[in-house]
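Written below as structure tokens is the structure these notes are about.
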Amino acid sequence: MTPVGNRTATGTADVPVVSCLGVPVTAHTREGAARRVVHRALHLRDAREAHRTGDAEEAAAPEGSDVHLCNAYTLALGDRDPDLLRTLRQAFLNLADGQPVVWANQLLHRGTALPRRRVYGPDLMLDVLSMSQGTGLRHYLLGSTPEVLATLQRELRRRFPRALIAGACSPPFRSLTAQELREQEEDIRARGADIVWVGLGTPLQDHRAAEISAALPVVTVAVGAAFDFIAGNKRQAPAWMQNGGLEWVFRLACEPRRLWRRYLFGNARFVGGVVRQAALRTAPGASAPTGRPSDAGAALAGRRERTR
């Protein structure tokens, strides 16, 4: 894959933005999502350089952009966690990482042409690494264990020899102090990173991706378990289970103690939220779906995409 011109953007007529449990989700295809991330990173790199050299038209430094991979659990958690919902509503870009999210959007927004497949976190990461080869974009890996990060870097360099890995950080499995967070951001800045892949688990990774993009003019991507999957530390569900929306069954079978509560309560809350949203949209006096942002949060996301 190679970068091309920026033809589509979140919130434009080319790519619909639809609301799912109050979160604005951009209906990108797999390739479109990767191109969007690469183009945004290139834009921010150019803006940083223009600001550094004084060639920028405005004095303000460029602002970063956070990207979130939203599956059913993420949206269910946002449905009961106001802080996470606020983070996702204010995000630069949300993508449908779970096949059930794709199906829910098709149900809720029947009048809108939407992709039939999800944007899977590991696929997005691999596609962006591939597209970024030869562009000079620099990647930073944040999360997981030192062992997984070392294996992941070897695998990425094997697959994409011309991709640039600027650095990696395995933070301790505890709450970090304000000083530690600042040092983490300074390391990202010092290494000249353009894209920061954040694999800390939901919702921590979503909040941290938003914080880093607010502090630094970079693209951050909250990418879930992609580090473990690409490094080979965890097995991925067979393609037929992924395409059939049954990946959660496979993961539950692999890690029942860790994941049973997430899927038992999270899946139920997601289905309930979709039913509730569908009922509201079909209630007497409700406006017909348009495929554009349908709530204040989605509208905010559309404005933010156009201005950042």
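All of the numbers you see were taken from the coordinates with simple rules; none came from a lab. Remember, predicted model here, so these are calculated numbers, not experimental data. So basically every Cβ, Gly included, is an ideal-geometry build from the backbone, and we count neighbours across all protein chains shown.
For the reader, a short list of remarks on this structure follows.
- For peptides 136-145, 154-163, sequence by mean Cβ density within 10 Å, most packed first: 136-145, 154-163
- At q = 0.12, 0.16, 0.29 Å⁻¹, base-10 log of I(q)/I(0) for the stretch 188-247 (Debye sum, equal scatterers on each alpha carbon): -0.39, -0.62, -1.11
- Residue list for the stretch 210-239, given a label point 7 angstrom along the Cα-to-Cβ vector of F250 and an amide N cut-off under 19 Å: 223-239
- Computed over the stretch 131-252, relative contact order equals 28 percent, with contacts defined as Cα pairs under 8 Å that lie 6+ residues apart.
- Shape category assigned to the stretch 60-136 from the gyration tensor of Cα positions, a/c cut at 1.5: oblate
- Ranked by how many other beta carbons lie within 10 Å on average, peptides 247-256, 186-195, 269-278 from highest: 186-195, 269-278, 247-256
- Gyration tensor verdict on the stretch 100-183 (Cα atoms; rounded if a/c is under 1.5, prolate if a/b is larger than b/c, oblate otherwise): oblate
- Highest to lowest packing among 239-246, 87-94, 173-180, scored as the average C-beta count within 10 Å: 87-94, 239-246, 173-180
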